[in-house]
Amino acid sequence: MRLTGVHHVTLSVTDLDGTATWYRDVLGFEDMLRYRNDSIGGMCHIVTHPYIDGFILSFMQWDAPNGTPFDEHALGLDHLSFGVGDRAALEAWRQRLDNQNVDYSITELPELSVLVLRDPDNIQLELCTSIVSEEDRGTIDEAGRIRLPES
């Protein structure tokens, strides 16, 4: 059996309106749906991005949150990373964040360049561009197994 992609990611947030606004204004997401789910005790706001086909990002604001702030060192989500294409696209994002006074850092690794920022709940987000050459990438065989290049 094959997986066909990532359907959605849901982030728990403290301020549903503020978070949805931030993701729209800073990262260009667009509103899709908002609803209340009484069976689990929370409000959900769903967004999509015009350049990420089929990906859904949702935010949950719980009626009774545990009050613990996000910490990537705790078990669970470490960070959420979005691909941006190439270095020119990463530079365009850097300029956009500068224009919006959004704090970020840049990490250059042999495999990729990463622009790291945090959302209103301090969840670490990354904007990444791969710089690994095609010949250095693994391939997927007929059975869905990853075959890494010979060293």
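Have a look at PRO50, LEU77, LEU117 and report the one farthest towards the positive end of the charge dipole of the chain, computed about the Cα centre with Cβ charges (Lys/Arg +1, Asp/Glu -1). Ranked along the dipole, the leading option is PRO50. The charge dipole of the chain, taken about the Cα centre with unit charges on the Cβ atoms of Lys, Arg (+1) and Asp, Glu (-1), comes to about 320 debye, rounded to the nearest 20.
Each helix, a run of at least 4 DSSP H residues, gives -39500 (n - 2.57); summed and divided by the residues of the chain, these come to -5000 deg cm²/dmol at 222 nm. Residues whose amide H falls under 5 Å from that of GLY83, counting only those 5 or more places apart or on a different chain, are CYS128, with hydrogens built in the peptide plane. Using a/c under 1.5 as the rounded threshold, could you call segment 1-63 rounded, prolate or oblate? The axes a ≥ b ≥ c are square roots of the C-alpha gyration tensor eigenvalues, and prolate needs a/b larger than b/c, oblate otherwise. Oblate, because a/c is 1.5 or more while a/b does not exceed b/c. Basic side chains Lys and Arg get +1 at the Cβ, acidic Asp and Glu get -1 at the Cβ, and with that the dipole of segment 83-124 about its Cα centre reaches some 80 debye. For segment 103-112, the Karplus equation 6.51 cos²θ - 1.76 cosθ + 1.60, evaluated at θ = phi - 60°, returns couplings of 5, 7, 9, 10, 10, 9, 10, x, 8, 6 Hz by residue, with Gly and Pro reported as x.
The magnitude of the dipole of segment 39-119, with charges of +1 and -1 set on the Cβ of Lys/Arg and Asp/Glu and taken from the Cα centre, is near 200 debye.
The calculated FRET efficiency for ASP53 paired with LEU75, based on their beta-carbon distance and R0 = 30 Å, is about 0.45. Provide, for q = 0.10, 0.12, 0.16, 0.21 Å⁻¹, the log10 of I(q)/I(0) from a solvent-free Debye sum over equal Cα point scatterers in the chain. One equal scatterer on each Cα of the chain leads to -0.45, -0.63, -1.04, -1.43.
Each value in this text was obtained by applying a stated rule to the coordinates, not by laboratory testing. Keep in mind that this is a model prediction, so the values were computed, not measured. Every residue, glycine as well, gets a Cβ built from its backbone with ideal geometry; the counts of neighbours run over all protein chains shown.
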